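**Student:** Encoded as structure tokens, here's the structure I'll be asking about.
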Amino acid sequence: MQTNNQRRQFLKQISSLAMGGVVLNALSGCSTGLHSYLVASSGGAISLNLNEYPELGQIGGAIEIEFNGEPGELVIVRISESSVVALSSTCTHLGCTVRKEPSFFRCPCHGSTYDLEGNVVRGPAEQSLERYPARMSNEQIIISLRNEQR
Ligand code: FES
């Protein structure tokens, strides 16, 4: 027969294991698989010179941007000749980092899939990846760090 103390100890251990599982789960999916660049933000925006990021030279190409000491915060994807999208790499299901595949993003934790514009293609995620305003003009990409409502 278990005492209250034994029961409490058992519940504490179970709780620690569950927390560890969540942390391990999150750590297992912590890379987008993309080339990562460290970029300084200024006035709530990031400015990129297209010529310095060869991965964005072709449609479907993408890079990861680190800024203000927060790695993997944004993924930039070239979606057409004249446009890019800026997305959070954090899965909207339970927060793992999504991984870039040739034509979509996939979450390694539970398999959610998003198209290159961040829209959910397959759950369990129900919401699109967070999207940030991005525009491309001439050879310049400007990303606002205010996220868009979707
Ligand atoms: Fe991405 Fe669950 S955390 S599918």
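**Student:** I'm checking my understanding of the structure. Among residues of region 38-63 that are among the β-branched types (V, I, T) and not in a loop (DSSP other than H, G, I, E, B), which one is modelled with the highest pLDDT?
**Tutor:** Result: I63.
**Student:** Of all the residues that make up region 98-147, how many are assigned to a strand (DSSP E or B), under 14 Å from S83 (Cβ atoms) and within 15 Å of the chain's Cα centre (by Cα)? Reasoning before the result, please.
**Tutor:** Quick first cut of region 98-147, residues assigned to a strand (DSSP E or B) only: 99-100, 105-106, 113-114, 120-122, 131-132, 134-137, 140-144.
If we keep only those that are under 14 Å from S83 (Cβ atoms) too, we end up with 131-132, 134-137, 140-143.
Subsequent filtering for residues that are within 15 Å of the chain's Cα centre (by Cα) retains 131-132.
Selection size over region 98-147: 2.
**Student:** Shifting gears a bit: Mind checking which pairs have a first residue in region 133-150 that is at pLDDT below 80 and a second that is open to solvent by 70 Å² or more (accessible area, probe 1.4 Å), Cβ under 7 Å, 6 or more apart or different chains?
**Tutor:** Pairs that qualify, where the first residue is at pLDDT below 80 and the partner is open to solvent by 70 Å² or more (accessible area, probe 1.4 Å), are N147/E130.
**Student:** Before we move on, is E55 open to solvent by 40 Å² or more (accessible area, probe 1.4 Å) and closer than 24 Å to C109 by Cα?
**Tutor:** When the stated conditions are applied, E55 does not pass them.
**Student:** Among the residues of region 106-129 satisfying the criterion of being within 10 Å of the ligand (Cβ to nearest atom) and open to solvent by less than 30 Å² (accessible area, probe 1.4 Å), which is nearest to L56 (Cα to Cα)?
**Tutor:** Y114
**Student:** On the given criteria, is E81 of a type in the set (D, E) and under 13 Å from the mean Cα position of the chain (by Cα)?
**Tutor:** Answer is no for this residue.
**Student:** Do the conditions hold for R78, that is, is it assigned to a strand (DSSP E or B), open to solvent by 50 Å² or more (accessible area, probe 1.4 Å) and either more than 16 Å from the ligand (Cβ to nearest atom) or among the small types (G, A, S) (or both)?
**Tutor:** no
**Student:** Also: Has region 108-116 got any residue that is under 21 Å from P54 (Cα atoms) and free of Cβ contacts under 8 Å to residues at least 24 places away in the same chain?
**Tutor:** No: region 108-116 contains no residue that is under 21 Å from P54 (Cα atoms) and free of Cβ contacts under 8 Å to residues at least 24 places away in the same chain.
**Student:** Filter region 86-104 down to the residues that are farther than 12 Å from S31 by Cβ, open to solvent by less than 20 Å² (accessible area, probe 1.4 Å) and near the ligand (Cβ under 10 Å from one of its atoms) and list them by number.
**Tutor:** Of all residues in region 86-104, those farther than 12 Å from S31 by Cβ come to 86-88, 90-95, 101-104.
Filter again for open to solvent by less than 20 Å² (accessible area, probe 1.4 Å), leaving 86-88, 91.
Residue satisfying the conditions is C91 alone.
**Student:** Of the residues G95, G61, which is of a type in the set (G, A, S) and without any contact (Cβ under 8 Å) to a residue 60 or more places away in the chain? Walk me through it before giving the result.
**Tutor:** Numbers: G95 fails: without any contact (Cβ under 8 Å) to a residue 60 or more places away in the chain.
Checking each option against the conditions leaves just G61.
The values are calculated or read from the model by the stated rules, or taken from the named source; none is laboratory data. Quick caveat, the model's predicted, so the values are computed rather than measured. Cβ atoms come from the backbone with ideal geometry, glycine included; neighbour counts cover every protein chain shown. Protein only, heavy atoms only, side chains kept; ligands, DNA and RNA dropped before computing areas. Shrake-Rupley method; radii C 1.70, N 1.55, O 1.52, S 1.80 Å.
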